[in-house]
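Taking it in order: structure first as structure tokens, then the write-up.
The values are calculated or read from the model by the stated rules, or taken from the named source; none is laboratory data. This structure is a prediction, so every number in the text was calculated from the model and none was measured. Using ideal geometry, Cβ is built from the backbone for each residue, glycine included, and neighbour counts are taken over all protein chains shown.
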Amino acid sequence: MSTTAARRPIVILISGRGSNMLALIERSCAADSPYRVAAVLSDNADAPGLRAARDLGIATEAIAPAAGEGRAAYDRRLAATIARHSPVLVVLAGFMRILSAPFVDEFAGRLLNIHPSLLPKYPGLHTHRRVLAAGEKEHGATVHFVTAALDAGPAVIQARLTILPSEDEAHLAARVQTLEHEIYPRAVRWFSEGRLSCHDGKAWLDGTALEAPVQPCDVETE
């Protein structure tokens with residue numbers, strides 16, 4: 001059983017409500033959790049997720065971009081703040097800034113993101129709208145390691161659902177978010193247990209390179 005002292009620290013980056021952040025914090029409270037949330041950081045001082053994390057006793061800090069500050073300079077400040085918490089893993093949970101290559105390089109192999117599509121399909125924004133417009137039959141979410149290329153890092157785990165007839169964007173988004181809350185804590189747990197890693201351009205689980213993301217199950221949510 002994990003003790004608080006033995007749990008490996010992670011830092012979560014958010015920009016808004018932080019629903020995946022809350023799922024990760026909730027799982028970190030389990031007696032056998034291999035990780036603890038050392039801090040939640042945001043580029044938005046008004047992010048509702050910061051207050052939610054503080055209310056749960058998590059250290060928080062807003063790191064808003066300064067007037068005229070370039071991306072590289074901001075990322076250096078962000079990296080320095082993260083480093084103070086000595087995390088084994090940095091977790092992007094709705095962090096809406098594109099990170100510079102030097103930042104990604106600094107945290108290479110220990111930077112995870114979750115994207116609301118079945119990558120490599122539909123990288124970028126507005127995935128639910130684009131999926132519906134394309135008439136897709138399936139949709140879902142993917143956890144992946146972050147590289148300098150947008151939403152193109154090695155995929156770790158993916159969950160999918162069947163799009164319902166006449167489903168609108170808001171309803172689909174809510175269903176996908178339910179999947180996210182299941183697979184993201186699972187990936188963070190694997191990493192914290194030493195089972196998951198990233199090297200040679202691939203994600204590795206239990207010593208085996210993943211040729212495709214883990215597909216835990218097809219999950220139907222209403």
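The table below lists the values:
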{"read-out": "Unmet requirement for Q177, which otherwise passes all of (1) polar (S, T, N, Q); (2) over 20 Å from A53 (Cα atoms); (3) outside the structural domain of V11 (by TED's automatic domain parsing)", "value": "(2)"}
{"read-out": "Near pairs, Cβ below 6 angstrom, 6+ apart or cross-chain, from the range 145-162 (farther than 18 Å from V214 by Cα) to any residue that is among the small types (G, A, S) and part of a loop (DSSP other than H, G, I, E, B)", "value": "T147/G153"}
{"read-out": "Selection from the range 137-152 of residues that are of a type outside the set (A, V, I, L, M), over 14 Å from V176 (Cα atoms) and surrounded by fewer than 23 Cβ atoms within 10 Å (Cβ to Cβ)", "value": "T147, D151"}
{"read-out": "I82 vs. criteria in a helix (DSSP H, G or I), free of Cβ contacts under 8 Å to residues at least 40 places away in the same chain and crowded, with 16+ Cβ neighbours inside 10 Å", "value": "no"}
{"read-out": "Filter result for the condition that a residue is assigned to a strand (DSSP E or B) and touching a helix residue (DSSP H, G or I) at 6+ places or on another chain (Cβ under 9 Å), over A173, A141, A148", "value": "A141"}
{"read-out": "Of all residues making up the range 40-74, the number that are surrounded by fewer than 18 Cβ atoms within 10 Å (Cβ to Cβ), more than 18 Å from the chain's Cα centre (by Cα) and part of a helix (DSSP H, G or I)", "value": "6"}
{"read-out": "Counted residues, the range 112-138 - those being part of a strand (DSSP E or B) and within 14 Å of the chain's Cα centre (by Cα)", "value": "4"}
{"read-out": "Checklist (1) closer than 26 Å to C198 by Cβ; (2) out of contact with any strand residue (DSSP E or B) (no Cβ under 7 Å at 6 or more places or on another chain) applied to I14, failing item", "value": "(2)"}
{"read-out": "Only one of S15, S33 that is touching a Phe, Trp or Tyr at 6+ places or on another chain (Cβ under 6 Å), hydroxyl-bearing (S, T, Y) and surrounded by 13 or more Cβ atoms within 10 Å (Cβ to Cβ)", "value": "S15"}
